[in-house]
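J.: I have a structure here, written as structure tokens, and I will follow up with some questions on it.
Values in this text are rule-based calculations from the coordinates and carry no lab data. In this text, all values refer to a predicted model and were calculated from it rather than measured experimentally. Note: ideal-geometry Cβ built from the backbone for every residue, glycine included; neighbour counts use all protein chains shown.
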Amino acid sequence: MRCLDGPQGCEGDVNAYPSLSGSGMRWERCEAHYRAYVERVQPQIDSVRLRYPDTDQPPAWFDPAYAGERWNEDD
């Protein structure tokens, strides 16, 4: 396996790590580049999850009349 972000800066073993987006895809990175990926991407993912929480209760800003959408299938 080869590191997706290498070979420069590679450290540690190369493994197929899951994407932090939740897509189910796996990407081959060395340990150092995976840590860098997590540090770079995790704050963005946390921000999206705060704005669009995975809950049954919609956030206060959600208006179903805006586009005729529902927050969950039970609404």
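J.: Can you tell me the length gained on complete extension of the stretch residue 67 to residue 15, counting 0.36 nm per residue apart and subtracting the Cα distance?
T.: Full-extension gain reported as 14.4 nm.
J.: Once Lys and Arg get +1 and Asp and Glu get -1 on their Cβ, which of 48, 17, 61 lies farthest toward the positive end of the dipole of the chain?
T.: 17
J.: About the Cα centre of the chain, what is the dipole size in debye to 20, counting +1 per Lys and Arg Cβ and -1 per Asp and Glu Cβ, all else neutral?
T.: 380 debye
J.: Could I ask something else about it? From the convex hull of the Cα coordinates of segment 1-54, what is the mean projected area in square nanometres?
T.: Over every viewing direction, the Cα hull of segment 1-54 projects on average to 3.8 nm².
J.: Can you list residues from other chains, or at least 5 along the same chain, whose modelled amide H is less than 5 Å from the amide H of residue 27?
T.: 17, 19
J.: Sticking with this one: Residue 51 label point, 7 Å along Cα→Cβ, cut-off 17 Å on backbone N: hits in segment 15-37?
T.: Taking a point 7 Å out along Cα→Cβ of residue 51, the residues of segment 15-37 whose backbone N falls under 17 Å are 21-22.
J.: Can you give the net charge of the other residues whose Cβ lies under 13 Å from the Cβ of residue 34, counting K and R as +1 and D and E as -1?
T.: -2
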